[in-house]
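The values are calculated or read from the model by the stated rules, or taken from the named source; none is laboratory data. Predicted model only: the values in this text are computed from it and were never measured. Glycine also receives a Cβ, built like all others from the backbone with ideal geometry; neighbour counts cover every protein chain displayed.
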Amino acid sequence: MTRIARFLLAVAAGQCVANAHAASVNVSVNATALKPLEIVKLQDLDLGTITLGSGTWGNVAVSLSRAGAFTCPPANITCSGATTVATYNVQGSNKGTVNINTPNVILINQSDTSQRLTLVVDSPTTVVLPNSGVPGVNFSIGGSITINSSTAGGVYVGTFSVTADYQ
């Protein structure tokens, strides 16, 4: 058998392999595992009792900041009773930044459900968790309502919708 024939036979049998030049690169891989968020209500929001003054008068804002500062303008209304901010606790992964979303709340008069007030919410937009799990971090929510001389008397009640999400 000639050399050419042996070469052709080797190629056909797959014995002749050219050396290929390979390339490689290292890539970093990261994964972050976060504990699930848990949020618990600790205390309800209460703006106390607001007594409307006589006569005809325009809009007056009664507010309780998330820091607990209460504002009740003395003209046309009198405020009494204890006020409390709504307080929540959120737990999750250490140093996690958590977005807090709390839309405004519609308060419905329990004596006349056609009468409503809007609570404009004062809440933090984010909180940072100081640890993993317990005790988590507490945050407060306040808000303000606007009333006038035609606001119907009665107890106004609404429900917060608070959402916590990792940033």
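Structure values in brief
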| item | result |
| --- | --- |
| Test: residue in region 4-21 that is loosely packed, with under 12 Cβ neighbours inside 10 Å and modelled with pLDDT of 85 or more | no |
| Subset of region 81-102 that is assigned to a loop (DSSP other than H, G, I, E, B) and among the polar types (S, T, N, Q) - its residue that is nearest to the chain's Cα centre (by Cα) | T102 |
| Selection from region 37-55 of residues that are modelled with pLDDT of 95 or more and either closer than 30 Å to L129 by Cβ or part of a loop (DSSP other than H, G, I, E, B) (or both) | L37, E38, I39, V40, K41, L42, Q43, D44, L45, D46, L47, G48 |
| Strands (runs of 3 or more DSSP E) within region 103-167 that include 1 or more residues more than 17 Å from the chain's Cα centre (by Cα), of a type in the set (V, I, T) and surrounded by 11 or more Cβ atoms within 10 Å (Cβ to Cβ) | 105-109, 116-122, 137-147 |
| Residue count for region 28-82, restricted to those that are touching a Cys at 6+ places or on another chain (Cβ under 9 Å), of a type in the set (V, I, T) and buried (at least 16 other Cβ atoms within 10 Å of the Cβ) | 3 |
| Residue among S63, S28 that is outside any loop (DSSP other than H, G, I, E, B) and among the small types (G, A, S) | S63 |
| Scope region 60-77; condition among the polar types (S, T, N, Q) and either within 14 Å of V121 (Cβ to Cβ) or modelled with pLDDT of 95 or more (or both); matching residues | S63, S65, T71 |
| Qualifying positions in region 66-80 - in a loop (DSSP other than H, G, I, E, B) and of a type outside the set (S, T, N, Q) | R66, A67, G68, A69, C72, P73, P74, A75 |
